[in-house]
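Written below as structure tokens is the structure these notes are about.
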Amino acid sequence: MTTFAQASLVTFNDGFSAYSHYFLNGSNLLTSEPAFSYSFITLLLVLAALFNEIITESSTVLCIANSSRLCTKNQLLSVKQKAYKASELLGKSMPDVVAYVRLSKREQAEDTNALEQQKARVTEAGAQQIFEDIKQGKSNTRPALNKLIKLVESGKIRKIIITRLDRISRSLVTLKKLVETFEKYGVTLVVLDQKFDLETAQGKMILNVLAVLAEWEVDSLSERIDQGKKHQRKMVWANPPSPWGYEVVDHKYVLDQTPFLCLLSERPDNYLDLSQLGDLAVLPGYTIAQLARDCIEIFFAVKGVRRTLKVIFEKYGIVKTSAKFNGTDKIFHWSVPGFSLWLRNPVFDGHTRYLLYEVIDGKRKYFPEDQQEMHRDTHPDQRLFRDGEAEAVKTIIQTNISNGSGCFQRGSNDSVNYRRFSYQAGLVYCAECSSRCTSKGTGGENEEYLYYACRHVGMGCGNRKSVKRRLIEEALIEALVEKSQSLNRNDLTHADALPAKSEALSHLEAQLEGLEKLPGYNPDIDELKTKLRQQIEEEKNPFISPEKIFDNSVEALIRAGNNLAIWHLLTNDDKVEIYRKLVKKIYIRDGKVVSIVFNQ
């Protein structure tokens, strides 16, 4: 009869998740038949624990519990806790000979088999359980190491095996603390590549020398990397890793034209014949750069980061996948914060930036934009953004942050994304105490019950009257028209100070003038004239074409808005883009708008 001591653990992979399956050799105790209760599964795990068959938290037990044959992570952890408690009651403990293995992300990228090699060596040396981290040697936030230290302090560990001293720490101070902890609790540290006895003075001296050399190696590597980055900034080279949509060629950012995917809806009837040609370019697919541009256009269409990802995932059939670390992995997937950062990357606007962040306790802390080193127009012919779109992205994201999810219309099929007064968020200030006002009101979209009021009213501020959002908008439009008419009157008074025509407008007018001089009638030429006249009108009046809004300066937009109808006909989405470009602050007091500060 098969004994529990013969229980073994098999791990396999189906391409998606790793599963562990307990079974008994020569026995049908665990089969596909739901023949045993959950308590029996627990008993098996307890007995397996006694024979050092402990499964890790990252595993999933394929079992017969609850007839689903699949234990959830919470069930698994609960079972493990029961197993440990039961083993303690039986006077047993977890394996007292364990190992610790570690790799940094850089080391793992350079040698994907390095971690498995460490595991094989420590297992051969007698390790019954392995703790592993993918962290830098100087990091103090290593989950597996911290868990190991707690087990040492609880007296459950007798021996720890490592391959090299720098696997457990590259910091002299940290290493000394660890060795002192091991000595205090009677734990033997075995270093496979460096034979020395920590109980002798000579062994301790060798330990200190090796620790100093490990720390020196890390510091020297950091200095070399810093020198390389300084040279990179001096030469204004592309700053790898490149964002998704780009690749680095000869130290320059270039759009990634690698064929990436084809939509089934666009598949030609002869796709099988085309696939035999061996040239992916003949298929009607999308390159990485084209997909990146499509993602940007979807963002401008739906106006929200989370909403954009929903559309992208549905359009391209994207499912949850591993997290992205950089653009070189070419994984078509983002989290919400990751997509927000991706959209604001200045590489898309033709710029290169350095000194983006510092790493504190293993986490990135991004510097404000004015503290980052920016080199403009390093690759102007390789832009993903069109003129003005970089600022438009920042405006939309900031508006959404100020408003929260309440800034959007209900339902995902609305042609207009924003609610009527969304643009006002973050622009309204108290004229008495200068603090930002807070929005108030009930009744949903009923404009008669939507207000702004000072957040400090009754707490040191006497500005007690709130202002309806509708009245704020009316006052803003009146101020814009008045300022526009003032600028235009000033132009008439000082004819020599008229703003110069843009280069694009002069070029279009010259083209039209040339075509007007051509004799006779030609339908193609007449069609071209019509297009040129339309382009000239769009250049003169940016409100005709939304794409022109961010191409123009604040003053040019205000000059063009010289009548009430222009402002009243703006959609809610247009208001967010235009008003937030024009307006810096709106001050209110005693139930009305008292002043408006425009951007320069």
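The values are calculated or read from the model by the stated rules, or taken from the named source; none is laboratory data. Bear in mind that the values here come from a model prediction, so they are computed numbers and not experimental data. Neighbour counts are summed over all protein chains in view; Cβ atoms, including those assigned to glycine, are modelled from backbone coordinates with ideal geometry. With ligands, DNA and RNA removed, areas are computed over all heavy atoms of the protein, side chains included. Shrake-Rupley method; radii C 1.70, N 1.55, O 1.52, S 1.80 Å.
Computed quantities for the displayed model
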| read-out | value |
| --- | --- |
| Cβ-derived FRET efficiency at R0 60 Å, residue 461 paired with residue 209, nearest 0.05 | 0.35 |
| Extended-chain gain in nm, criterion 0.36 nm per residue less alpha-carbon gap, residue 504 and residue 123 | 130.0 nm |
| Region 356-400 shape via C-alpha gyration tensor axes, a/c threshold 1.5 | oblate |
| 1.4 Å probe accessible area per residue over region 91-173, in Å² | 49 |
| For region 554-593: accessible area per residue (Å², 1.4 Å) | 41 |
| Residue-wise HN-Hα coupling along region 561-569, computed from phi with Karplus coefficients 6.51, -1.76, 1.60 (Hz; x: Gly, Pro) | x, 8, 9, 5, 4, 4, 6, 6, 8 |
| Carbon and sulfur %, accessible surface of region 445-489 computed with the full protein complex present, 1.4 Å | 45 |
| With every protein chain in place, region 186-237: carbon and sulfur % of accessible area (1.4 Å) | 57 |
| Residue 298-residue 188 FRET efficiency (beta carbon distance; Förster radius 60 Å; 0.05 resolution) | 0.50 |
| Nitroxide proxy distance, nm - points 7 Å out along Cα→Cβ at residue 478 and residue 528 | 5.1 |
| Pairwise FRET efficiency - residue 224 versus residue 181, Cβ, R0 = 35 Å, nearest 0.05 | 0.60 |
| Inter-label distance for residue 434 and residue 112, nm, one decimal - labels placed 7 Å from Cα along Cα-to-Cβ | 5.9 |
| Label point at residue 354 placed 7 Å out along Cα→Cβ; residues across region 214-254 whose backbone nitrogen lies under 11 Å | 226-239 |
| Rough spin-label spacing in nm, given labels placed 7 Å along Cα→Cβ, for residue 140 and residue 335 | 2.4 |
